1. How do the pairs read when you match residues in the stretch 475-503 that are in the same structural domain as P197 (by TED's automatic domain parsing) and buried (at least 24 other Cβ atoms within 10 Å of the Cβ) with residues anywhere that are outside any helix (DSSP H, G or I) and of a type in the set (S, T, N, Q), using Cβ under 8 Å and keeping only pairs 6 or more apart or on different chains?
2. Would you say V77 is modelled with pLDDT of 95 or more, in a strand (DSSP E or B) and in the same structural domain as L22 (by TED's automatic domain parsing)?
3. Do we have K46 as in contact with a helix residue (DSSP H, G or I) (Cβ under 8 Å, 6 or more places away or on another chain) and either over 14 Å from V77 (Cα atoms) or among the basic types (K, R) (or both) here?
4. Pairs only if they're at least six apart or on different chains, beta carbon under 6 angstrom, first in the stretch 132-152 and within 20 Å of I90 (Cα to Cα) and modelled with pLDDT under 95, second surrounded by 14 or more Cβ atoms within 10 Å (Cβ to Cβ) and of a type in the set (K, R); list them, first residue then second.
5. Say whether the condition of being touching a Pro at 6+ places or on another chain (Cβ under 7 Å) and touching a residue at least 12 places away in the same chain (Cβ under 8 Å) is met by at least one residue in the stretch 337-346.
6. Is it true that S432 is touching a Phe, Trp or Tyr at 6+ places or on another chain (Cβ under 9 Å) and modelled with pLDDT of 95 or more?
7. What residue, among those in the stretch 264-290 that are surrounded by fewer than 24 Cβ atoms within 10 Å (Cβ to Cβ) and not in a loop (DSSP other than H, G, I, E, B), is nearest to the chain's Cα centre (by Cα)?
8. If a residue has to be more than 16 Å from ligand 1 (Cβ to nearest atom), of a type in the set (S, T, N, Q) and in contact with a Leu (Cβ under 7 Å, 6 or more places away or on another chain) to count, how many in the stretch 247-278 make the cut?
Amino acid sequence: MKFRMAVQDITEYRGDVLIVNLFEGVEKPSGATGAVDKALGGAVSKLIARGEFKGKRGETAVLPGAGKVGAERVVVVGLGKKEKFERDIIRLAAAESLKKAESIKAEKVGTILHGAGAGGTDTETAAAAVAEGAILGLYKFDKYRTGDGEESPKKKIKELAIVVRRREDAVAAGRGVRRGEILADAANRARDLVNEPPNVLTPLELANRARQMAKGRNLKVRVFGRDEIARMGMNAFLGVARGSSNPPVLIEIEYRGNPKSDKTMAFIGKGITFDSGGLSLKNASAMDDMKTDMSGAAAVICAMDAIERLGPKINITALAPATDNMPDGNAQKIGDIVRAMNGKTIEIKNTDAEGRLILADAVCYAVKKKMSPIVDLATLTGACMVALGHVRTGLFSTDDELAAAITAAGELAGERMWRLPTDDDYREMNKSEVADIKNTGNRWAGATTGALFIEFFTNGTPWAHLDIAGTASLEKKYRYYPAGATGVGVRTLANLALDMAPR
Ligand code: BES
Ligand code: MN
Ligand code: ZN
């Protein structure tokens, strides 16, 4: 889908579909929607008066253009109640209206900028949100469907024109669209990785995809194999990898946007390409979605795609330890004690608490290379999913400023966070009788004890942890997210990079 800025009277836009919007409870549309309503002889007002369209968020209605406006058809999309309007509604409105347009086989679509007029959002921000909503909302993972027995090939939208009144708005909108496109394309790339079946997306294949992505760009990829991982002393990581015949890899992607600086921020993502639980085997239904246990890795890898295209003046390294967690004859056992890269020993109490083990060694690596701050993303705990569901990501940090920056970057992306506690008192629960730390607490506060396990390896480096267990993948459609991988984290990390870079 190509984007285009069009400076013209909205009623004159020529194409298959024109998208306008409406707040809930408005009886007489104003602004651009009002102009279209007037041109259509009050067709929109009539729809509202008859109770056929209420303007609820994401609700859509289709009207014929009937030769009275330039477009063949008009799609009206609801923005919900005006008091409840927030930037994410722009993404939702763009997603729902474009899906509607696609379902009626439109190829050329024009849209007004949701939120820009009565919504009070600036043009650039609104345009970025429209682009994001459109790209994220139209996403489908259908590469494995051969199409046998389905009706005629589906038509895809080829062009989306952002229709604005003034030339200066077109310039601002163009900037916003470019940013939105970069962010949403990167998020979709992460979704593609997460949605791949686990027989295809092995650790090695994940590394291949990272290499392909970086080819010819200002990104340097290094892939460490089992021997190098062993040589570096990453035995916590290796312990998890023992039970699988797919070899593990540590993927490193460097972006140097500020070569004069010796500071580098680390983004670390959990890359469990399938989590069976290991010998602490999960039951069958708990394994349903465990191909998505590499969502953290996908997020940090694909955030680098967006960051490189946006070009902030900051150095960032992404690290993704990747392995299956499987239970074969060579698998790690309960009671094993392993030594992490920094020399600290870990008692393995449960092989299903594997994410923190591979992250521990990746964190040690980042600390050794003096990277700071460290931000890790992981589908770490069922406990976090129980607490926050699929709506908010759990945020843990020992650094208030970093936590605030991440929360703000998330808010901008429509990726909401909620900070959970890291009191020292919880550390007691990770204490081992026989080693420096054990890899599970008890039943309680599982999201925090998981987070604090990772923190144990940071050696005081400013650190934040995002537990995306609940937000990385969805059973059914939600807002502008189709069922399956959400790509959560990609846009937040890219926003964070922009925010942390000197301008
Ligand atoms: N990958 C899981 C966490 C998870 C659960 C992610 C559900 C997404 C949906 C993780 O490796 C895990 O198994 N965690 C255990 C930890 C426990 C053994 C301490 C959990 O949450 O039960
Ligand atoms: Mn597990
Ligand atoms: Zn896991």
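1. Once the first residue is in the same structural domain as P197 (by TED's automatic domain parsing) and buried (at least 24 other Cβ atoms within 10 Å of the Cβ) and sits in the stretch 475-503, its partners that are outside any helix (DSSP H, G or I) and of a type in the set (S, T, N, Q) give A485/S473; T486/T471; T486/S473; V488/T393; V488/T471; G489/T393.
2. Numbers: modelled with pLDDT of 95 or more: yes; in a strand (DSSP E or B): yes; in the same structural domain as L22 (by TED's automatic domain parsing): yes.
Taking the combined requirement at face value, the residue satisfies it.
3. Details: in contact with a helix residue (DSSP H, G or I) (Cβ under 8 Å, 6 or more places away or on another chain): no; either over 14 Å from V77 (Cα atoms) or among the basic types (K, R) (or both): yes.
The answer is no for K46.
4. Correct list of pairs: empty, since none qualify.
5. Scanning the stretch 337-346, I find no residue that is touching a Pro at 6+ places or on another chain (Cβ under 7 Å) and touching a residue at least 12 places away in the same chain (Cβ under 8 Å), so the answer is no.
6. Working: touching a Phe, Trp or Tyr at 6+ places or on another chain (Cβ under 9 Å): no; modelled with pLDDT of 95 or more: yes.
Taking the combined requirement at face value, the residue does not satisfy it.
7. Going through the qualifying residues, I end up with M290.
8. Quick first cut of the stretch 247-278, residues more than 16 Å from ligand 1 (Cβ to nearest atom) only: 247, 249-267.
Remaining after also requiring of a type in the set (S, T, N, Q): 258, 261, 264.
Within this subset, residues satisfying the condition of being in contact with a Leu (Cβ under 7 Å, 6 or more places away or on another chain) are none.
Here the count works out to 0.
The values are calculated or read from the model by the stated rules, or taken from the named source; none is laboratory data. Remember, it's a predicted structure, so these values are computed and weren't measured experimentally. Note that each Cβ is placed from the backbone with ideal geometry, even for glycine, and that neighbours are counted across all protein chains shown.
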